[in-house]
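Worksheet: the structure to be examined is printed underneath.
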Amino acid sequence: MSLPHPSLPQSRLPQSSLPRSSVLRLADEDITTDRSTRQARLKWVIVVDESLPAGRITNAAACMAAAVGKALPGLLGPDGADASGVTHPGLPWAGCTVLAADGGTLRALRAKAATKDEVLIVDMPEPAQTSRVYDEYLRVLAGTGQDDLGYCAVSLVGPRNRIDRLVGGLSLLR
């Protein structure tokens, strides 16, 4: 049984958020808080550059999670209270797998994902971790061509079978 989620109507992405004309939408039947994440129609992965130091990997994963949560608020489950009555914020009901890849694989993964319908792509270009001022990051990004851009991480959300085909063969981050 799928539980309705209060943020479902806002979970639709504007077309400009996706690389193609496809829009990733969360339908009532997609929100499956009562089943294993492996039974969910959607899959969420974060693929990080395995050559980065642990702190930068953690930063990249945290930034990906924040951006995905903003883009797909329906991916977050309802808040829950513990036995003492303390409320804890809702977490992603779909789970999130963190995978590792080298820089070239990240670039190729992002490019391939951009050709697929119904795949949300959130990325962290390298200048995001080297700039301390957001406006500076935006200026560097604007002056860097797609072919010259490296990535610290790429996050994908979409139909399980599509995401599995994109990230097949990548290993868990260890």
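The values are calculated or read from the model by the stated rules, or taken from the named source; none is laboratory data. Owing to the predicted nature of the structure, the values given are computational and were not obtained by experimental measurement. Positions of Cβ are backbone-derived with ideal geometry, glycine not excepted, and every protein chain shown enters the neighbour counts. The accessibility values were calculated without ligands, DNA or RNA, using every heavy atom of the protein model including side chains. Shrake-Rupley method; radii C 1.70, N 1.55, O 1.52, S 1.80 Å.
Considering only residues that are in a strand (DSSP E or B), open to solvent by 50 Å² or more (accessible area, probe 1.4 Å) and out of contact with any Phe, Trp or Tyr (no Cβ under 9 Å at 6 or more places or on another chain), which ones fall in region 71-101?
Passing the criteria: Ala81, Thr87, His88.
Is one or more of the residues making up region 131-138 within 26 Å of Arg38 (Cβ to Cβ) and modelled with pLDDT of 95 or more? Before the answer, list the steps.
Of region 131-138, the ones within 26 Å of Arg38 (Cβ to Cβ) are none.
No, every residue in region 131-138 fails to be within 26 Å of Arg38 (Cβ to Cβ) and modelled with pLDDT of 95 or more.
Anything in region 102-126 that is among the basic types (Lys, Arg) and not in a loop (DSSP other than H, G, I, E, B)? List them, or say none. Step through it out loud before you land on a result.
Step one: list which residues in region 102-126 are among the basic types (Lys, Arg), which gives 107, 110, 112, 116.
Matches in region 102-126: Arg107, Arg110, Lys112.
With of a type in the set (Gly, Ala, Ser), at pLDDT below 95 and open to solvent by 20 Å² or more (accessible area, probe 1.4 Å) as the only criterion, which of Gly145, Gly158, Gly104 stands out?
Gly145
Hey, among the residues in region 26-70 that are under 15 Å from Gly95 (Cα atoms) and in a strand (DSSP E or B), which one's most open to solvent (accessible area, probe 1.4 Å)?
The qualifying residue most open to solvent (accessible area, probe 1.4 Å) is Lys43.
To keep it simple, each residue is scored yes or no on (1) under 24 Å from Val154 (Cβ atoms); (2) at pLDDT 95 or above; (3) of a type in the set (Lys, Arg).
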| position | (1), (2), (3) |
| --- | --- |
| Pro9 | no, no, no |
| Leu13 | yes, no, no |
| Ser22 | yes, no, no |
| Glu29 | no, no, no |
| Thr32 | no, no, no |
| Arg35 | no, no, yes |
| Gln39 | no, no, no |
| Pro73 | yes, no, no |
| Gly80 | no, yes, no |
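Conditions tested, residue by residue: (1) over 11 Å from Lys43 (Cβ atoms); (2) part of a helix (DSSP H, G or I); (3) in contact (Cβ under 8 Å) with a residue 12 or more places away in the chain.
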{"site": "Ala128", "(1), (2), (3)": "yes, yes, yes"}
{"site": "Leu138", "(1), (2), (3)": "yes, yes, no"}
{"site": "Cys152", "(1), (2), (3)": "yes, no, yes"}
{"site": "Gly158", "(1), (2), (3)": "no, no, yes"}
{"site": "Arg165", "(1), (2), (3)": "no, yes, no"}
{"site": "Gly169", "(1), (2), (3)": "yes, no, no"}
